[in-house]
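S.K.: Before anything else, here's the structure in question.
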Amino acid sequence: MVQLSVAGRTWWTLPGGGVEDGETDVVAAQRELHEETQLVGRKAEWLCDLPEPCFLIEVDENAEPRLDMDPDLPDAGEVVAVSWRPFDLVRDDVQVAQVLAALRPAR
């Protein structure tokens with residue numbers, strides 16, 4: 001997850017951002033993941049809409065996220081930390097709850 005700090009408010013959220021001209025949603029999701037966490041996504045599949053498309057992206061299981069954003073990116077100053085977050089700490093987050101619900105098999 002990424003920790004954002006905007007206008008005096010700080011919170012943890014999933015990496016994300018906009019789609020640039022000529023990009024597909026999948027390519028944009030992989031680019032945003034890399035820009036914000038330095039993680040390289042190998043495989044991405046649509047998971048749900050949050051309301052924007054949310055993708056489950058496979059990364060190397062031994063990879064560690066790190067904060068190293070290009071200072072020229074418009075939101076570079078907003079991302080103040082990156083970290084794997086235990087589900088126990090984020091389970092009640094609205095986005096995480098939607099992702100967990102999308103991952104549960106249909107009955």
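S.K.: Could you tell me which residue of the stretch 1-50 is nearest to G77 (Cα to Cα), considering only residues that are open to solvent by less than 30 Å² (accessible area, probe 1.4 Å) and of a type in the set (D, E, K, R)?
M.R.: In this case the residue turns out to be E36.
S.K.: Then there's this: Just the residues that are touching a strand residue (DSSP E or B) at 6+ places or on another chain (Cβ under 8 Å) and surrounded by fewer than 16 Cβ atoms within 10 Å (Cβ to Cβ), please, taken from the stretch 54-74.
M.R.: Residues satisfying the conditions are L56, E58, R66, L67.
S.K.: Considering only the stretch 1-96, give the strands (runs of 3 or more DSSP E) lying wholly within it that have at least 1 residues that are touching a residue at least 12 places away in the same chain (Cβ under 8 Å) and charged (D, E, K, R).
M.R.: Result: 43-49, 53-58.
The values are calculated or read from the model by the stated rules, or taken from the named source; none is laboratory data. These figures come from a predicted structure and were not determined experimentally. In this analysis, Cβ positions are derived from the backbone assuming ideal geometry, glycine residues included, and neighbour counts consider all displayed protein chains. Remember, those area values only see protein heavy atoms, side chains included, never the ligands or the DNA or RNA. Shrake-Rupley method; radii C 1.70, N 1.55, O 1.52, S 1.80 Å.
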